[in-house]
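Encoded as C-alpha cells, the structure appears first; notes follow it.
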Amino acid sequence: MSDASLRHVLSVMDLTADEIRRVFAISKDLKEKLRSGVREPLLPGRTMALLFEKPSLRTRVSFETAMAHLGGTTLFLGADVGWGKRESASDFTQVLSQYVDLIVCRTTAHSRLEELARYATCPVINGLTDLSHPCQALADLFTLDEIHGPLEGKRLAYIGDANNVARSLAICCGKLGVELAIASPKQYSFDREFLDRLARNVPEVKLLQTEDPREAVRGAIGVYTDVWTSMGQEAESVVRRQALAQYQVNAALMELAPEGAVFLHCLPAKRGEEVTDEVIDGHYSAVIVQAANRMHVQKGLMAWLLNAID
Ligand code: CP
Ligand code: NVA
C-alpha cells in the first residue's frame, strides 16, 4: 500500500521555495542553538541508513553528526550489504525500510536512486548521483544567504563543468530567485534535456549561459566551481583538463567579481586545476563555512522531513 504522505528528496525540484525557506529557518535555529551548546534531540531513537557506493567525507560525516546531535542513530552501509546483488532491489529496499526511518543514498546513476525511492517505504534523500547533489546546493544557498542575504535578484556565477552540483545549483537558485550565470565550454554545458526539465519545473529560473567566465562573474555575489572530472569520469580526465583549462578560478578572475564576492567550492577540490591555492585559501574563500553548513542544513532537512518540527 502506498503512503501519500511519504516524501523523498531526490532533487531540489522535490521541494517548493517555501519548503526550502522553512528548512533554512529550522537549520539556522539549530545552528544558533548548537553555538550556545544546545543539541536539541528532535529525532530520539530514529535510525538513518547511509547507503553509499562512492567515497565521501563531507556528506557521510555531516549526516552522521547531524543525526547524532538530533538524538538518532546512523548505520553506514557499504558494498557488503549487496544492494541489487545479493537479492532483488525490491526485496532489499522494502526490507531496509522496515528497519530505518530514513535512507540517504550516494550512488552512480540517478535511475538507481529513483528505483530505491520507488520501493522505499521511508523517505529517501539523495546524497549525490551523476545527475544531482541537492543537499550540497541547499547548503550552498544557505551559506550565501548568511553572507549576502536576502538573495532574491542577486547573481551567483558558476565556472566550469555543468555537472551534478551545477544542475542542483541551477534548480535551487531558480526557486530562490537567484540568477545563475554559468560559464562552460559548449561540450560541458547543460544538456537540452536538463534545460527543458528546468524550464518546465522551475519556470521562474533565471539562467545566463556563456562560454566566457569573465561575463559570468560580472556582478556576482559568489563565484563557484567544482572539479573538472567528477567521480566515475576518471577515464576522461585528460580530455577534460584540456577542454576546461580556460575555466580555472584564479585571482585574475576573482578580481573581476565585485568587492565582497565570495569563492565557493563543494569540495573536494583539485587545487591547480579548477581553482588555484591563492583563491581557495584567499580572504574571500567561504569553502570551510560552506562545508560546515552541510551539517546544519541536513539537520534542518531531516527534522523537517521526519516531521520533528511543527
Ligand atoms: N561535497 C561533498 O559532497 O563532499 P564529499 O564527496 O566528501 O561527501
Ligand atoms: N561533481 C563532484 C562532486 C563531489 C562532491 C563529483 O560528482 O565527483
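The values are calculated or read from the model by the stated rules, or taken from the named source; none is laboratory data. Owing to the predicted nature of the structure, the values given are computational and were not obtained by experimental measurement. No Cβ is skipped: glycine too gets one built from the backbone with ideal geometry, and neighbour counts run over all protein chains shown. Please note that ligands, DNA and RNA were not included when accessible areas were found on the heavy atoms of the full protein model with its side chains. Shrake-Rupley method; radii C 1.70, N 1.55, O 1.52, S 1.80 Å.
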Expressed in nm², what is the orientationally averaged projection area of the convex hull enclosing the Cα positions of the chain?
-> 15.8
Under 17 Å by backbone N from the virtual spin label 7 Å along Cα-to-Cβ at Ala79, the residues of segment 102-141 are 106-109
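Suppose only helical runs count, i.e. DSSP H with n ≥ 4. What mean residue ellipticity at 222 nm does that imply for the chain under -39500 (n - 2.57) per run, divided by all residues and rounded to the nearest 500 deg cm²/dmol?
Working: 12 runs with 128 residues, N = 310.
That calculation yields -12500 deg cm²/dmol at 222 nm.
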Each label sits 7 Å from Cα toward the beta-carbon; between Ser5 and Glu146 the label points are separated, in nm, by 3.2
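Quick one: compute the contact order of the chain, relative version, from alpha carbon pairs under 8 angstrom and 6+ residues apart, as a percent.
Numbers: 577 pairs, mean separation 62.3, N = 310.
Relative contact order here is 20 percent.
Could you give the dipole magnitude of segment 172-310 about its Cα centre, charging the beta-carbon of Lys and Arg +1 and that of Asp and Glu -1, in debye to the nearest 20? It would help to have the intermediate numbers written out before the result.
Numbers: 14 positive and 19 negative charges, 68 e Å.
The calculation lands at about 320 debye.
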Inverse of <1/r> over all distinct C-alpha pairs of segment 1-98, i.e. the Kirkwood Rh in Å, gives 15.9
FRET efficiency (Val238, Glu211; Cβ distance; R0 30 Å; to 0.05) is 0.90
Residue ranges of DSSP H helices in the chain that stretch 18 Å or more (Cα, own long axis) and have mean Kyte-Doolittle hydropathy of at least -0.5 are 134-148, 287-305
Overall dimensions of segment 222-282 as given by Cα atoms, namely Rg and Dmax in Å | 11.9, 39
Checked against a 23 Å limit on the C-alpha separation, the offending pairs among Lys33/Lys299; Lys28/Lys154; Lys31/Lys270 are Lys31/Lys270
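To the nearest 0.05, how large is the calculated FRET efficiency for Glu114 and Lys28 if R₀ is 35 Å and r is the Cβ-Cβ distance? Write down the numbers at each step before the final one.
Working: r = 31 Å, r/R0 = 0.88.
Calculated transfer efficiency: 0.70.
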Farthest positive-ward along segment 1-137 dipole, Cα basis, beta-carbon charges - from Ile26, Thr16, Cys105 = Ile26
Considering only protein heavy atoms and a 1.4 Å probe, what is the carbon-and-sulfur percentage of the accessible area of the chain?
-> 50
Go from 0 up to the bin containing the longest alpha carbon distance in segment 188-310, width 10 Å each, and give me the % of pairs per bin.
-> 11, 31, 37, 18, 3, 0
To the nearest 20 debye, what is the magnitude of the charge dipole of the chain about its Cα centre, counting +1 on the Cβ of each Lys and Arg and -1 on the Cβ of each Asp and Glu?
-> 380
Probe 1.4 Å, protein heavy atoms only - accessible area per residue of the chain in square angstrom | 44
